[in-house]
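Written out below as structure tokens is the structure these notes cover.
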């Protein structure tokens, strides 16, 4: 199955596709009356996933759209592909850039899984390259500068207990191994506050992070609107805020069905506490191997 946050489609792939996936319709309204622009859930035989984006209070006040985008794809063999993007506030068409990023990256991974022979790290690197190329192609065809489509990108491929991740810009990827959450891919380390290298930038490849992870019980991709709540910056590097993930784990594990988990996550991301911590858009994609327990 596929949860797709951008396309209101519900169809099955053609019989020629060995991936045999289908897409689920989702609510992708972006308006004052839509506090949860993107929300979805999928449940397979080996993994479950919930993904939510909420528009930040700062964007409500400024009447701006949600500039985050996300997509999760769950294939019939249990493989999961996930992507989260955060359009840069300084970029005029950042919401479009974020949608381009998640679609380009996940589409590339899908094609390679079906027809290619790239290993995990090479696949993540190439997915980032394909995303950068797609942004430049779109900019040329639309007559705009690629800088107006600025966006970060986090992408993950989960195959059983192994995961491969690619990361451009800020936001973070965290993983759960042996019951403990640790940083899988930290925010970009820059010399300047509030500066990030978008995935489409010419110098972006030198800043990309590509990692391989083993014995993964759960993986979370989060936009920078959640950084202050979900991860903590230390003198050297970052650490995961267990107080954020442990209660969320327990609640999602006890959810009677996936949609209830999606509603819970949406309510959590749009809570007064997280609104107060950061008025930016907030996105979280969480993939886990059932049962998900915090103890």
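Each reported figure results from applying straightforward, stated rules to the coordinates on display, with no laboratory input. It should be emphasised that the depicted structure is a prediction, and the values quoted were computed from it without experimental measurement. Quick reminder, even Gly has a Cβ in these numbers, built from the backbone with ideal geometry, and neighbours come from all protein chains shown.
Packing-based ranking of 271-283, 226-238 yields 271-283, 226-238, ordered from highest to lowest mean Cβ neighbour count within 10 Å. Projected onto planes of every orientation and averaged, the convex hull of the alpha-carbon atoms in region 159-295 covers 9.1 nm². The base-10 log of I(q)/I(0) for region 71-145, evaluated at q = 0.23 Å⁻¹, reads -1.05 [Debye formula, identical scatterers on Cα atoms, solvent excluded].
As an exercise, use a Förster radius of 25 Å and the Cβ-Cβ distance of residue 142 and residue 122 to find the FRET efficiency, rounded to the nearest 0.05. Walk me through the numbers before you get to the answer.
Values: r = 30 Å, r/R0 = 1.20.
Plugging the Cβ-Cβ distance into 1/(1 + (r/R0)^6) gives 0.25.
Pull out the extension gain between residue 260 and residue 114, defined as 0.36 nm times the separation in residues minus the alpha carbon to alpha carbon distance; nm, one decimal. The partial results should precede the final answer.
Numbers: separation 146, 0.36 × 146 = 52.56 nm, distance 3.22 nm.
Stretched fully, the residue 260-residue 114 segment lengthens by 49.3 nm.
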